Structures are given as structure tokens and as C-alpha cells.
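All remarks here apply to the structure that follows.
The values are calculated or read from the model by the stated rules, or taken from the named source; none is laboratory data. If you're wondering where the values come from, they're calculated on a predicted model, not measured in any experiment. Backbone-built Cβ (ideal geometry, glycine too); neighbour counts: all protein chains shown.
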């Protein structure tokens, strides 16, 4: 069975400083991994995904994530936080079930950006 | 381009009342469709998925059911709501039948359900 652990439920940074949101995964085979962002009372928006190509994945809004198999990690980073980045972030692992792909979500990390 | 709609956006219902939430997708044919629930302070839980009209798979036993009466329409229902059914319900779609775990799921705007 696959699982995802987001190591921090809340992260607070100052505007203009780097962002690091941590994620560890467990999967019995080569995983597909995603990061989604959710603004309050909104649906989820895809930030980026890893699909066994390049281990460093670039996404929208300046975010990127690095797949490290030896550490079973897929941490999300951004060099400089913006106020608009304040939201909840979900790390997700996917497996194909034969009837669509099944996503397993982490419990989320709430990112707060302060002036 | 593809668009996914959900309605209503918010709903307040008494315990024991019925429920019907609707999701429609535009701009694609025979999508895979999914219903998720997000309870307060928790991640998303997959409730149902469908690979075609009338084909529904349930992930967890619960007080809810799903139906797919048309290709791009997915409905979540309940005959009698419980307090524990409160939450944020999200519908999603993905490219049909590509057979890959890497397929992206695209989410709708969600329905906030409060059961009192």
C-alpha cells in the first residue's frame, strides 16, 4: 500500500524568504508524485508532478520539487515566498488501479507568509 | 479546453435529509471521474470513482452513493445525512484509459456541506 507523510502541519515564513515543505512517501513500486495547492474554500490546483523523468521537477509560480529515491522524499521548495503563496499544500502519491489512478493524499501543510 | 463544474457551492442540510451533489465536465469525452471528501483538518479521502456510464467503484463503506447517468455527469447522493457527512466534497476528472499512474486529476471548485 502507498502512503504519504507531510512532516509539518504548519509552516510560517517571511515574504521574500525561502519555502520548504517536506514530504516523505511509501510505495511498493516506482511512484508518481504530485504537489497540489488549495486556497481557502477552493478546489485543488496542480503545482507539479514527478513521473520518473527528471528528478528535479519545476512547477508553476516558481515552485519546484526534487525526487530522492534513497530518502523516499519529494520536498517542495520556492526560493522566495510571496504573500499569494499562503495556502494549504498537499503531497500526493498515485497508483494505477486498472480503473483510473488512485491518489493518496498527505494531511496537508498550511503555509503562512508574513510581511 | 476542459472545465469541471460543481453545484451547489455551499449547502446546509438537517440530519436525516437527502443529498444530491452534481459534477459535470466539459470539453472531454469518457473521462474518469472521482468524488473526494475533505473533512476539517484532514487530507482528501477518495469516496468513489467511475470509468464509464453506470460504472461506479466505491472505496469506503459509508452513508453515500454515486451515480453516473451520463458520460460527463457524476452525482453524489445520500438518502439520510449524518452529522459525520459534513465536509468539503470535491469532484475530479482525468484522461480516460491511459493506464498510467502519472495521469493528472483536475479538481472542481468543491461543495461545502454542513449537516446540522
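So which of A:103, A:48 is under 30 Å from residue B:5 (Cα atoms), modelled with pLDDT of 90 or more and crowded, with 16+ Cβ neighbours inside 10 Å?
Just one listed residue meets the conditions, A:48.
With respect to residue B:16, is the statement that it is within 13 Å of chain A (Cβ to nearest Cβ) and at positive phi true?
no
If you take just the strands (runs of 3 or more DSSP E) that sit entirely in the stretch B:29-116, which of them hold at least 3 residues that are within 13 Å of chain A (Cβ to nearest Cβ) and surrounded by fewer than 20 Cβ atoms within 10 Å (Cβ to Cβ)?
Those strands (runs of 3 or more DSSP E) span B:44-52, B:55-58.
Name the residue that is farthest from the other protein chains (Cβ to nearest Cβ), counting only residues in the stretch B:19-28 that are under 22 Å from residue B:80 (Cβ atoms) and surrounded by 17 or more Cβ atoms within 10 Å (Cβ to Cβ).
Among those that are under 22 Å from residue B:80 (Cβ atoms) and surrounded by 17 or more Cβ atoms within 10 Å (Cβ to Cβ), it is B:19.
For the stretch A:70-115, list the strands (runs of 3 or more DSSP E) that sit wholly inside it and hold at least 1 residues that are more than 10 Å from every other protein chain (Cβ to nearest Cβ); which are they?
A:73-78, A:87-96, A:109-114
Please go through the stretch A:63-84 and pick out each residue that is over 13 Å from the mean Cα position of the chain (by Cα) and in contact (Cβ under 8 Å) with a residue 60 or more places away in the chain.
A:79, A:80, A:81, A:82, A:83
Residue under question is residue A:65, and the condition is that it be more than 14 Å from every other protein chain (Cβ to nearest Cβ) and part of a strand (DSSP E or B); does it hold?
Judged against the criteria, residue A:65 is a match.
How many residues are free of Cβ contacts under 8 Å to residues at least 40 places away in the same chain and either more than 14 Å from every other protein chain (Cβ to nearest Cβ) or in a strand (DSSP E or B) (or both) if we restrict to the stretch A:47-62?
9
Which of (1) crowded, with 19+ Cβ neighbours inside 10 Å; (2) out of contact with any helix residue (DSSP H, G or I) (no Cβ under 8 Å at 6 or more places or on another chain) does residue A:78 not meet, given it meets every other one?
All conditions are met except number (2).
From the list A:66, A:15, A:95, which one is closer than 17 Å to residue B:102 by Cα, surrounded by fewer than 18 Cβ atoms within 10 Å (Cβ to Cβ), modelled with pLDDT of 90 or more and in contact with a strand residue (DSSP E or B) (Cβ under 6 Å, 6 or more places away or on another chain)?
A:66
With respect to residue B:14, is the statement that it is surrounded by 21 or more Cβ atoms within 10 Å (Cβ to Cβ) and either in contact with a strand residue (DSSP E or B) (Cβ under 6 Å, 6 or more places away or on another chain) or over 29 Å from residue A:109 (Cβ atoms) (or both) true?
Taking the combined requirement at face value, the residue does not satisfy it.
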